[in-house]
Amino acid sequence: MKMFKKSNGVLAILLVLGMFAPLSVMAAVNEVESGNAGGSVVIDMERSTIGQGFFIEPVKINFTEGETVFDLVSRLAGPDNIIGSKVYINGIKGTDAGVESVVIPNYIVEKLGGGDTATAKAFGNAGTDNALGTTSYSQQGGWMYLVNNLSPDVGMGDYVVKDGDVVRIAFSYWGYGADLTGYEWGSPEPKVIIGNKDALLKAVAIVNTEMKEIYLSNDIIKTAYDDAIAVSTNMVASQNEINVATAELNNAVTAFNINANYRTHVQNEGWQTLRKNGEVSGTIGESLRLEGIEINLEENAEYDLGVEYKTHIENLGWEEQWKSNGQMSGTEKQGLRLEAIDIQLTGADADQFDVYYQVHAQNVGWMGYAKNGESAGTAGFGYRLEGIKIQVVPHGAPAPVAAEGTVGNAFVTK
């Protein structure tokens, strides 16, 4: 049984500077203390109960172990933009789009007995600096937060975020949160059925990264994304509508992404199990050479795409022929080290994607990223390759995050 409970903590207000865009928010909050990362959450800021939609669209952000919801808010907004304290935040500067943009959804009027659009506009917002908060547009106005589609029994300053949480910072216009949960305070039965949108918000957050422009250049993803935003901001969207929008966006993004699978033959170990999409194949810190490699792309019906590769081998130099689509490059049971590698995409749609790869070389460590047929590793030094990461991204997207300790160029020759 779900019951909405009113408390200062639940109605505690949050989030960010009005001029922050979703990507700048993501960039700011992803700066966590080195070595103390706690994981990641999906977080947004919503004003759908007054028809203003998202202030911050859903984004996936990192947090430091032990941080609370209030800590994330403070890190994003800064103390000068929060009106109040972590015990009770009265408002956030810059979050109101203005009285003319206020539109009160019908369910608040018809099901919860709330004021309509004209009433809300007449009441107005006395907050300074375009702040939404306590008594904005009604005597019951204020912010609350939801975690995993529930309203916690503690305030923001006491809720320690966990890896995988979906945190929604939402403005409540009427009913002290009843317009967000469907439950009036003290009642075990909902006045309004409001669906669970957590999975949909996660799907939107997948797009809201540095790759957003690249993703939205694809017409299928753009259509699915726009539909997802529309459903996300519809407070009374049915669960079926939510589920359909989630599946369509996830499917569109999956069809656009290419999964790279690869495995390496390692000294003393033989063939390792398959790795994919930036995972490390090989070993680090064990002084074991790579001797062979196989690379393949998972089949994707949307694209004509393949991969080919060749390696620089101890005593043999560069292979004369490219290997492709799961064939072995290098040697097996000959005790010969791999020293460098070239990888490139093939097929009619190869120009729509980039393949990035990073190697860990003896006496060097992780070297910089190479891409699209460039060489990675060393030649002429007798250094072995010990590990490799490979990832395919849409053409023009940023390079994947480099491994910790990455130094120098992708390839060095004597």
Take the residues in segment 60-92 that are farther than 20 Å from V41 by Cβ, surrounded by fewer than 22 Cβ atoms within 10 Å (Cβ to Cβ) and not polar (S, T, N, Q); name whichever of them is modelled with the highest pLDDT.
I83
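Residue-wise test of (1) charged (D, E, K, R); (2) free of Cβ contacts under 8 Å to residues at least 24 places away in the same chain.
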residue: E314; (1), (2): yes, no
residue: E319; (1), (2): yes, yes
residue: G335; (1), (2): no, no
residue: D351; (1), (2): yes, no
residue: Y357; (1), (2): no, no
residue: A361; (1), (2): no, no
Tell me, please, whether a residue that is assigned to a loop (DSSP other than H, G, I, E, B) and either touching a helix residue (DSSP H, G or I) at 6+ places or on another chain (Cβ under 9 Å) or buried (at least 18 other Cβ atoms within 10 Å of the Cβ) (or both) can be found in segment 316-328.
no
Could you list, in sequence order, all residues of segment 227-247 that are assigned to a helix (DSSP H, G or I) and surrounded by fewer than 20 Cβ atoms within 10 Å (Cβ to Cβ)?
D227, I229, A230, Q239, N240, E241, N243, V244, A247
Scanning segment 277-290 for residues that are of a type outside the set (A, V, I, L, M, F, W, C) and in contact with an Asp or Glu (Cβ under 8 Å, 6 or more places away or on another chain) gives G282, T283, E286, S287, R289
Considering segment 178-189, residues that are in a loop (DSSP other than H, G, I, E, B) and in contact (Cβ under 8 Å) with a residue 12 or more places away in the chain, and then whichever is farthest from V244 (Cα to Cα), we arrive at G186
Any idea which of N125, N196 is within 28 Å of the chain's Cα centre (by Cα), at pLDDT 90 or above and not in a helix (DSSP H, G or I)?
N196
Given (1) of a type in the set (G, A, S); (2) in contact with a strand residue (DSSP E or B) (Cβ under 6 Å, 6 or more places away or on another chain); (3) in contact (Cβ under 8 Å) with a residue 60 or more places away in the chain, index of the condition A131 fails
(3)
Of all residues making up segment 140-170, the number that are on the phi > 0 side of the Ramachandran plot and of a type in the set (S, T, Y):
0
Among all residue pairs at least 6 apart or on different chains, which show Cβ distances below 9 Å where the first residue, located in segment 203-220, is touching a residue at least 24 places away in the same chain (Cβ under 8 Å) and within 17 Å of I56 (Cα to Cα) and the second is surrounded by fewer than 22 Cβ atoms within 10 Å (Cβ to Cβ) and of a type in the set (K, R)?
A205/K60; I206/K60; N208/K60; T209/K60
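Go through segment 213-226 and report how many residues are crowded, with 18+ Cβ neighbours inside 10 Å, part of a helix (DSSP H, G or I) and not hydroxyl-bearing (S, T, Y). Outline the logic, then answer.
Of all residues in segment 213-226, those crowded, with 18+ Cβ neighbours inside 10 Å come to 214-215, 218, 221, 224-225.
From what's left, part of a helix (DSSP H, G or I): 214-215, 221, 224-225.
Checking the rest, the ones that are also not hydroxyl-bearing (S, T, Y) come to 214, 221, 224.
Of the residues in segment 213-226, 3 are crowded, with 18+ Cβ neighbours inside 10 Å, part of a helix (DSSP H, G or I) and not hydroxyl-bearing (S, T, Y).
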How do the pairs read when you match residues in segment 389-414 that are assigned by TED's automatic domain parsing to the domain that holds A370 and among the polar types (S, T, N, Q) with residues anywhere that are in a loop (DSSP other than H, G, I, E, B) and surrounded by 15 or more Cβ atoms within 10 Å (Cβ to Cβ), using Cβ under 7 Å and keeping only pairs 6 or more apart or on different chains?
Q391/N277; Q391/G278; Q391/P400; T406/G368; N409/G368
Of the conditions (1) in contact with a helix residue (DSSP H, G or I) (Cβ under 6 Å, 6 or more places away or on another chain); (2) in a loop (DSSP other than H, G, I, E, B), E210 satisfies every one except a single condition; which number is it?
(1)
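The values are calculated or read from the model by the stated rules, or taken from the named source; none is laboratory data. Just so you know, these numbers come straight off a predicted model, no measurement behind them. Note that we place each Cβ from the backbone using ideal geometry, even for glycine, and neighbour counts take in every protein chain shown.
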